[in-house]
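Below: one structure, written as structure tokens.
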Amino acid sequence: MKKFLTWVCLGIILFAGVFASFRLNDMPRTYDGQKAPTSVYELMQDPESADENALVDGAAGAIVNQNLKNARAVNDVTAIVFDFRGYDTMGEAFILITAVAGTMVILFNKKEEKKEDEQA
């Protein structure tokens, strides 16, 4: 029964993934790259002189405008990770460190138990 339930769950997950893929493929694109070409190299070299009216190319333009106005970082990825999602990133790092520490405690306890059993 357990094996059957596992296969049913995997089938449902597979079906949901394929269904979502086809639905996403049918959705209209939000950015086709033809509106206002933004030179990423020029923007990276001198973000302060970027023409904000030219940065209207969908989500990328919104991210760049928010970065220029609200963050002190020049790199957009760094601004999002550390300025806008800093607490979330810090929480994820804390969870990762806790998981690694817990795993190490469990593994070292198993080694000590084996040594005690061998000595007895």
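Some observations on this one:
- Fully extended contour minus Cα-Cα distance, from residue 119 to residue 24, at 0.36 nm per residue: 28.1 nm
- For residue 10, the shell of other residues with beta-carbons less than 15 Å away shows a net charge of +2, using +1 for Lys and Arg and -1 for Asp and Glu.
Read-outs: derived from the displayed coordinates by stated rules, not from any lab. Computed from a predicted structure; not experimentally measured. FYI the Cβ positions are ideal-geometry reconstructions off the backbone, even for glycines, and counts take in every protein chain you see.
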